[in-house]
Amino acid sequence: MTIAPVRPEASTVDADLFRRLLRHHAASAVVITAAGSPPAGFTATSFTSVSLDPPLVSFSLSRTASAWPTVEHARTIAVHVLGHEHEHIARTFATSGIDRFAAGVPWEPGPDGVPLLDGVPARLICRVTDRIAAGDHTIVLAAPIAGQHADNELTPPLVYHAGRYGTLHHGRHR
């Protein structure tokens, strides 16, 4: 692989190249929900932990996304970590133009009315602490205030890579 030298006058890579480059990055798939009328939810691969002390997480969302008007004003959000058997949930919450909560995904209202999806390996309920404009997206910082997880930490996660969903399988450690 040859990488061309960077020219001092170069600004940034174009959007198509940027997408192709990022297809090589595997990311966990989560669903983020927020209360509203109607409630909002979307599949995200931008979720990450930011800090352990104090606990902080982040995700980014396009300001043109259908969920943005709700997330923009949400005080509480929920992050649902998806397991290998939840590809249908990831696809449902990645589909635009549908009522994602009427698509057969079981859920119940949680604190501040935030939708909580049933049967996921882990979920965090978070208070939004900051929103930072970043290009055509906004980075949302949030502090976990509660959480639940399955007893089995080795549940294979759902990941997104090269435009497809997949999973990791835990093998024996050597």
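The values are calculated or read from the model by the stated rules, or taken from the named source; none is laboratory data. None of the values given here were measured: they were computed from a predicted structure. Neighbour counts run over all protein chains shown; Cβ positions are idealised from the backbone, glycine included. Keep in mind that these areas ignore ligands, DNA and RNA; they rest on the heavy atoms of the full protein, side chains included. Shrake-Rupley method; radii C 1.70, N 1.55, O 1.52, S 1.80 Å.
For Ile89, the conditions (1) closer than 20 Å to Ile139 by Cβ; (2) modelled with pLDDT of 95 or more are fulfilled apart from (1). Candidates are the residues of the range 62-100 that are part of a strand (DSSP E or B) and among the polar types (S, T, N, Q); the one that is farthest from Ser49 (Cα to Cα) is Ser62.
Based on what the data block shows, is His88 closer than 22 Å to Arg164 by Cβ and in contact (Cβ under 8 Å) with a residue 40 or more places away in the chain? Spell out the reasoning first.
Values: closer than 22 Å to Arg164 by Cβ: yes; in contact (Cβ under 8 Å) with a residue 40 or more places away in the chain: no.
No; evaluated as a whole, the condition is false for this residue.
Answer yes or no as to whether Arg131 is touching a Gly at 6+ places or on another chain (Cβ under 7 Å) and assigned to a strand (DSSP E or B). No: the conditions fail for Arg131.
Does Phe101 satisfy the condition of being closer than 26 Å to Arg164 by Cα and surrounded by 14 or more Cβ atoms within 10 Å (Cβ to Cβ)? Yes; evaluated as a whole, the condition is true for this residue.
Only a single criterion out of (1) more than 20 Å from Thr70 (Cα to Cα); (2) touching a residue at least 60 places away in the same chain (Cβ under 8 Å); (3) open to solvent by 70 Å² or more (accessible area, probe 1.4 Å); (4) not aromatic (Phe, Trp, Tyr) is not satisfied by Ala162, namely (3). Return yes when Phe93 is of a type outside the set (A, V, I, L, M), in contact with a Gly (Cβ under 8 Å, 6 or more places away or on another chain) and touching a residue at least 60 places away in the same chain (Cβ under 8 Å) and no when it is not. For Phe93, the condition - of a type outside the set (A, V, I, L, M), in contact with a Gly (Cβ under 8 Å, 6 or more places away or on another chain) and touching a residue at least 60 places away in the same chain (Cβ under 8 Å) - is met. In the range 11-59, the residue that is nearest to Leu168 (Cα to Cα) out of those that are open to solvent by 60 Å² or more (accessible area, probe 1.4 Å), assigned to a strand (DSSP E or B) and β-branched (Val, Ile, Thr) is Thr48.
Checking each residue in the range 141-160 for being more than 18 Å from Ser49 (Cβ to Cβ) and either among the hydrophobic types (A, V, I, L, M, F, W, C) or modelled with pLDDT of 90 or more (or both) picks out Ala150, Leu154.
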